[in-house]
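J.: Have a look at the structure that comes next, please.
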Amino acid sequence: MKRSEALFGGLGSSLLAIGIVLSATQAHAQTRPVAKPGSAADVAALRNELNEARALLAEQNRQIAEQKQRLDLMEQRLSGLVAVAQPGAPPPPVTAANEAGAPIRVGEPPADSDRAPTVAVLDQQGSVVTRKGQLIAELGLDYTRADRNRAIFRGVELIQSVLVGVFDINESRQDILTASGSLRYGLTDRLEIGVRVPFIYRSDKLVTVPIAGSTNNDDARTIDNSVRGSGLGDVEVTARYQLNNGGHNTPFLIANLQAVIPTGRDPFSVRRDSNGSAEEVSTGAGFWGVTPSITAILPSEPAVLFGTLGYTFNFARNVDTLIPPVQIDRIEPGDQVNISAGVGLALNERTSLNFGYNHAWSFGTRTIVRGLNSQSTAPVGEPFSTKSRDLQIGRFLFGVSHRFSDALQLNWTVEVGATQDAPDVRTALRIPFVF
């Protein structure tokens, strides 16, 4: 209503200005002294009158143009095409694209106050729940490379620096390419379920080089055990629930539950030669795993802070697998503690950068084995157990996200190993589609 009054007020001002100019012209004409027709004074008076009329007309045109600009600006305000900033008003907040593609405000609570803001997540470390009735399909492509070089001594140490036995230099290389499809569906505004199905191509290369003179027959040669293959990986099912309504100085909390189903080819079912070396690759871990975790997301203009704390329970199983020189009866994989933290920075409404760190502490695996008869390869003796060392897997994370439209977004992440047990590099490309 106020804008309409301003519009009509501006129009009235324009008409009033025009009336004033016309009245002044008429008054000037009435007060001008009458000269004889055809005289020099009459011609000069007419020229002066013409110049004055032209000046008044120019002034009138200028005022009309100014009034027209004001009217155009009022119309634009009414139609919502532009927003005129008031003197001293703060700049508009930075926005970032969420998983659903809609822009959200960073550093301010969203219009829907019970919805957590979303950044381009790093390997699902900062994801939030999907809205009720919304379906998100995601295509993913991951590549992982791991190189390890180590020297192995098998023998007896008599005194310091004097070793009797066999020395091997081992070099292992592993390349894993994973194509995956995921679905996430919002049951309510706070609860979502999801499933991820991976297809894995894997290439393993193990090179063993006995050092010359380290064996009795001096058989220094390269033994190359290389296998490659592909197949279905371990399927993952997830559920996420938003616990609270976050906002200024209060983080959004999301409870996560993930279960890994051993649908891939496990290491205990692959073909092996007489020496126990694998003749085909495994595409799964071979164990059930359940990971409860909690994610916190804190808006802090112009960034979004996020972190995740989780614990993985791996379930033991009897494998009864012959891998010379032992018979493996049972394996109890160690559990794992996982923690990650990061920050997302919105560059504009469509593009954001993310930085973070992830660390996993994997406890040692206990294996129950029995020795083999050298003649018949039958298990002999009582079972005994061995336990591997703990693993510390640290990774630096970097990610970029760009939203092309409300239904299409692209997320690209890079992980670089920070500890000896971590893979050298991993890169992932994820493209979610919103329905």
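The values are calculated or read from the model by the stated rules, or taken from the named source; none is laboratory data. As the structure is a computational prediction, the values presented were derived from the model and not from experiment. Don't worry about glycine lacking a Cβ; one is built from the backbone with ideal geometry, like all the others, and counts go over all protein chains shown.
J.: Tell me, please, whether a residue that is surrounded by 15 or more Cβ atoms within 10 Å (Cβ to Cβ), at pLDDT below 65 and part of a strand (DSSP E or B) can be found in the range 180-202.
T.: No, that holds for no residue.
J.: Moving on. Count, please, the residues in the range 402-420 that happen to be of a type in the set (Asp, Glu), surrounded by 13 or more Cβ atoms within 10 Å (Cβ to Cβ) and modelled with pLDDT under 90. Steps first, answer last, please.
T.: Within the range 402-420, the subset of a type in the set (Asp, Glu) is 406, 415.
Those left that are additionally surrounded by 13 or more Cβ atoms within 10 Å (Cβ to Cβ): 415.
Checking which are modelled with pLDDT under 90 leaves us with none.
Residues meeting the conditions: 0.
J.: I need a count of the residues in the range 203-234 that are modelled with pLDDT under 85 and surrounded by 17 or more Cβ atoms within 10 Å (Cβ to Cβ).
T.: 3
J.: Which of the residues belonging to the range 278-306 are of a type in the set (A, V, I, L, M) and more than 18 Å from GLY231 (Cα to Cα)?
T.: To start, the set of residues in the range 278-306 that are of a type in the set (A, V, I, L, M) comprises 278, 281, 285, 290, 294, 296-298, 303-305.
Answer for the range 278-306, where residues must be of a type in the set (A, V, I, L, M) and more than 18 Å from GLY231 (Cα to Cα): VAL290, ILE294, ALA296, ILE297, LEU298, ALA303, VAL304, LEU305.
J.: Within the group SER401, SER388, which residue is hydroxyl-bearing (Ser, Thr, Tyr) and more than 22 Å from GLU138 (Cβ to Cβ)?
T.: Working: SER401 fails: more than 22 Å from GLU138 (Cβ to Cβ).
Within the list SER401, SER388, the selection yields SER388.
J.: While we're looking at this one, here's another question. Please go through the range 364-391 and pick out each residue that is polar (S, T, N, Q) and out of contact with any strand residue (DSSP E or B) (no Cβ under 6 Å at 6 or more places or on another chain). Step through it out loud before you land on a result.
T.: The initial filter retains those residues of the range 364-391 that are polar (S, T, N, Q), namely 365, 367, 373-377, 385-386, 388.
Matches in the range 364-391: THR365, SER374, GLN375, SER376, THR377, SER388.
J.: Please work out if THR291 is out of contact with any Leu (no Cβ under 7 Å at 6 or more places or on another chain) and closer than 27 Å to LYS205 by Cα.
T.: On the way: out of contact with any Leu (no Cβ under 7 Å at 6 or more places or on another chain): yes; closer than 27 Å to LYS205 by Cα: no.
Here the answer is no, as THR291 does not meet what is asked.
J.: So PRO299 fits all but one of (1) under 34 Å from the mean Cα position of the chain (by Cα); (2) modelled with pLDDT under 90; (3) part of a loop (DSSP other than H, G, I, E, B); what number is the exception?
T.: The failed condition is (3).
J.: Would you please list the contacts, defined by Cβ atoms under 6 Å and residues six or more apart or on different chains, that run from a residue in the range 356-379 that is touching a residue at least 12 places away in the same chain (Cβ under 8 Å) and of a type in the set (Val, Ile, Thr) to a residue that is surrounded by 16 or more Cβ atoms within 10 Å (Cβ to Cβ) and assigned to a strand (DSSP E or B)?
T.: Pairs that qualify, where the first residue is touching a residue at least 12 places away in the same chain (Cβ under 8 Å) and of a type in the set (Val, Ile, Thr) and the partner is surrounded by 16 or more Cβ atoms within 10 Å (Cβ to Cβ) and assigned to a strand (DSSP E or B), are THR367/ILE331; ILE368/ASP329; VAL369/VAL326; VAL369/ILE328.
J.: Can you find, within the range 236-252, the residue that is nearest to GLY186 (Cα to Cα) among those that are free of Cβ contacts under 8 Å to residues at least 60 places away in the same chain and surrounded by fewer than 17 Cβ atoms within 10 Å (Cβ to Cβ)?
T.: Residues of the range 236-252 that are free of Cβ contacts under 8 Å to residues at least 60 places away in the same chain, as a first pass: 236-239, 243-244, 249-251.
Still in the list and also surrounded by fewer than 17 Cβ atoms within 10 Å (Cβ to Cβ): 237, 239, 243-244, 249-250.
On the way: VAL237: 14, ALA239: 10, LEU243: 15, ASN244: 17, ASN249: 27, THR250: 24 Å.
It comes out as ALA239.
J.: Quick check: is even one residue across the range 380-392 under 28 Å from ILE294 (Cβ atoms) and surrounded by 14 or more Cβ atoms within 10 Å (Cβ to Cβ)?
T.: Looking only at the range 380-392, we keep the residues that are under 28 Å from ILE294 (Cβ atoms), and these are 390-392.
Filter once more, so that each one left must be surrounded by 14 or more Cβ atoms within 10 Å (Cβ to Cβ): 391-392.
Yes: the range 380-392 contains one or more residues that are under 28 Å from ILE294 (Cβ atoms) and surrounded by 14 or more Cβ atoms within 10 Å (Cβ to Cβ).
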